[in-house]
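Everything on this sheet refers to the single structure shown next.
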Amino acid sequence: MQERAKNNPKITWSLNCTPVEVVAGEKGVTGLKVRNNETGQEEVLETDGIFVAIGHRPNTAFLEGQLETDDVGYIIVKPGTAETNIPGVFACGDVQDHKYRQAITAAGSGCMAALDCERYLEGQAVHDWSKTL
């Protein structure tokens, strides 16, 4: 994703900068004031839009040593389910989906986790819905 953005002529990169203030005009954003982390100098970058990205690392550090995760921190689930390595603990959405990471995927896998949890609480084995359809 980063390489695609770097190769896009419509995107200007300002590295080693910290956002200080969104500059707004009468009809919306007109710029972003940033501080250069190396020099401390501030400047306003002219723009009519701002996109904030915080990366793709799932917020699972607090589970370290408790649930099985991959090297990036995504919780590993049994394929086709929301089951983790601990019986009765289920994972869904952005913390276990390293491919799609989107809201609709999170909603769908949340439903999967709810159904798996329901079966678990009923004392039954988790039903493989793919064999039912």
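Here the Karplus curve 6.51 cos²θ - 1.76 cosθ + 1.60, taken at θ = phi - 60°, turns the phi angles of the range 60-73 into couplings of 10, 4, 5, 9, 3, x, 10, 10, 6, 10, 7, 5, 8, x Hz, with x standing for Gly and Pro. Each residue of the range 5-12 was assigned a 3J(HN,Hα) from its phi angle through the Karplus expression (A = 6.51, B = -1.76, C = 1.60, θ = phi - 60°), giving 5, 5, 8, 8, x, 7, 10, 10 Hz with x at Gly and Pro. Considering only 12, 105, 30, the Gaussian network model of the chain with Cα springs below 10 Å gives its largest mean-square fluctuation to 12. Starting from the Cα gyration tensor of the range 61-128, take the square roots of the eigenvalues, sort them a ≥ b ≥ c, and report rounded, prolate or oblate (rounded when a/c is under 1.5, otherwise prolate if a/b is larger than b/c, else oblate). The shape class here is oblate. Starting from the Cα gyration tensor of the range 2-46, take the square roots of the eigenvalues, sort them a ≥ b ≥ c, and report rounded, prolate or oblate (rounded when a/c is under 1.5, otherwise prolate if a/b is larger than b/c, else oblate). Oblate. Exposed loop positions in the chain were taken to be GluC sites (Glu not before Pro) whose DSSP state is not H, G, I, E or B and which have at most 10 other beta-carbon atoms within 10 angstrom. Between these positions, the longest stretch is 65-121. Label positions at residue 33 and residue 48, each projected 7 Å from the Cα along the C-beta direction, are separated by 2.4 nm. Build a GNM of the chain with springs between Cα atoms under 10 Å apart, and of 24, 113, 91 the one that fluctuates most is 24. Between residue 6 and residue 86, the FRET efficiency estimated from the beta carbon spacing at R0 = 25 angstrom works out to 0.05. Considering the chain as a Gaussian network with a 10 Å cut-off on Cα pairs, which listed residue, 111, 92, 17, attains the greatest mean-square fluctuation? Result for the chain, Cα springs under 10 Å: 17 fluctuates most.
Helix 103-121 and the longest principal axis of the Cα set of the chain meet at an angle near 30°.
Every number here is computed from the coordinates shown, using simple stated rules; none is lab data. Predicted model, so just to flag it, every value in this text is computed and none were measured. No Cβ is skipped: glycine too gets one built from the backbone with ideal geometry, and neighbour counts run over all protein chains shown.
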